[in-house]
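These notes concern the structure reproduced below.
The values are calculated or read from the model by the stated rules, or taken from the named source; none is laboratory data. All values derive from a computational prediction rather than experimental measurement. Positions of Cβ are generated from backbone atoms using ideal geometry, with glycine treated the same way; all protein chains shown enter the neighbour counts. Areas reflect the complete protein model, heavy atoms only, side chains present, ligands, DNA and RNA absent. Shrake-Rupley method; radii C 1.70, N 1.55, O 1.52, S 1.80 Å.
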Amino acid sequence: MRLKRFNPANIRVGRADGGGSRIPGGGGTVGCGTLVIVLIGALVFGVDPGQMLGTLENVQQQQSPSAAPQATSTDATALCTENAYSLEACNALDSLNSTWEPLFRQASISFEQPVLRFYNGTGQSGCGAAQSAMGPFYCPADQGIYIDTSFYDQLDKQLGAKGDFARYYVVAHEYGHHIQHLLGLDSQVRSAQQKSPSQANALQVRMELQADCYAGVWAGKNRNLIDPGDMEEGLTAASAIGDDTLMKNAGRRVTPESFTHGTSAQRMKWLKTGIDTGNEDACDTFSDMS
Ligand SMILES: [Zn+2]
């Protein structure tokens with residue numbers, strides 16, 4: 001995708017590992033006084049699937065949102081230009097903000113930008129420790145998108161998902177979880193999971209597929225910026241990270257009851273639905289359980 005360079009005033013970026021500069025920000029934390037259980041909607045690629053599945057089964061105790069440093073746009077330029085991957089992520093973030101914010105405004109729903117937080121190896125999030133083995137993830141407690149950019153090398157080399165669009169898809173998927181959070185879908189899903197634990201995994205899969213669809217919607221709303229080959233890069237990435245494919249590649253038996261993100265076919269289907277329609281209303285993955 002031909003994304004323009006980020007505008008530091010239109011993104012919120014920080015670090016999750018104490019590296020780089022840490023600038024106290026003015027407010028903006030998400031209020032949550034009590035300890036609640038949150039599911040990390042982790043989009044995990046490129047890690048040992050055995051470990052990954054273990055990670056995804058976990059529910060993590062939410063910690064104080066103040067555990068993660070405040071971010072401001074002041075140091076966005078320095079953080080975003082650390083390497084080529086961070087630059088891409090910031091360019092995507094700017095475009096995602098510019099795409100989604102007006103939709104919320106039109107719908108009179110309050111909108112807040114997520115904070116992109118980079119870390120190397122390990123870091124701290126409002127949802128507990130961040131570890132690169134978890135892959136990129138979204139933490140609703142602090143509305144943070146957490147990325148260790150070394151993950152993109154794994155995406156390319158271990159999973160064969162090449163190209164800029166594969167990487168944009170990662171950010172756009174996590175942003176999709178932010179959309180779900182702003183709409184209150186994540187808490188609805190969590191209470192549904194608590195009511196019917198046997199459906200917990202199936203519901204988690206629908207959440208993930210919707211985030212895939214929202215990622216596609218972002219691209220679909222910017223289709224004038226799409227390059228030839230982008231769609232294929234995205235679908236290749238979506239296929240590479242399907243639960244069934246990850247299990248097969250790890251030499252494991254494919255067990256649908258333990259799926260957390262959906263099959264390769266499902267992930268490709270919903271990413272494509274988003275891109276093709278460019279319409280967030282097409283992302284009702286919960287009513288269409290096929
Ligand atoms: Zn996800």
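Taken together, Ser21, Ser73, Ser66, Ser98 contain a single residue that is of a type in the set (S, T, N, Q) and either modelled with pLDDT of 95 or more or within 30 Å of Gly160 (Cβ to Cβ) (or both), which is Ser98. Residues that are within 13 Å of the ligand (Cβ to nearest atom) and not in a strand (DSSP E or B) within the range 128-145 comprise Met134, Gly135, Pro136, Pro140, listed in sequence order.
Residues that are touching a strand residue (DSSP E or B) at 6+ places or on another chain (Cβ under 6 Å) and either among the hydroxyl-bearing types (Ser, Thr, Tyr) or within 15 Å of Ala16 (Cα to Cα) (or both): does the range 97-115 have at least one?
Yes: the range 97-115 contains one or more residues that are touching a strand residue (DSSP E or B) at 6+ places or on another chain (Cβ under 6 Å) and either among the hydroxyl-bearing types (Ser, Thr, Tyr) or within 15 Å of Ala16 (Cα to Cα) (or both).
One residue stands out in the range 146-160 among those that are away from the ligand (no atom under 15 Å from the Cβ), touching a residue at least 60 places away in the same chain (Cβ under 8 Å) and of a type outside the set (Val, Ile, Thr): the one that is farthest from Asp243 (Cα to Cα), namely Tyr152. Just one of (1) touching a Pro at 6+ places or on another chain (Cβ under 9 Å); (2) crowded, with 19+ Cβ neighbours inside 10 Å; (3) modelled with pLDDT under 95 fails for Ser132. It is (1).
Of everything in the range 81-103 that is in contact with a Ser or Thr (Cβ under 8 Å, 6 or more places away or on another chain) and of a type in the set (S, T, N, Q), the residue that is surrounded by the fewest Cβ atoms within 10 Å (Cβ to Cβ) is Asn83. The residues on offer are Ala250, Ala200, and the sole one that is more than 13 Å from the ligand (Cβ to nearest atom) and at pLDDT below 90 is Ala250.
Selection of the range 205-236 for residues being within 16 Å of the ligand (Cβ to nearest atom) and among the polar types (S, T, N, Q) yields only Gln210. Taken over the range 105-116, residues that are of a type outside the set (Val, Ile, Thr) and open to solvent by less than 10 Å² (accessible area, probe 1.4 Å) amount to 2.
In this structure, His181 does not satisfy being within 16 Å of the ligand (Cβ to nearest atom), touching a residue at least 60 places away in the same chain (Cβ under 8 Å) and not hydroxyl-bearing (Ser, Thr, Tyr).
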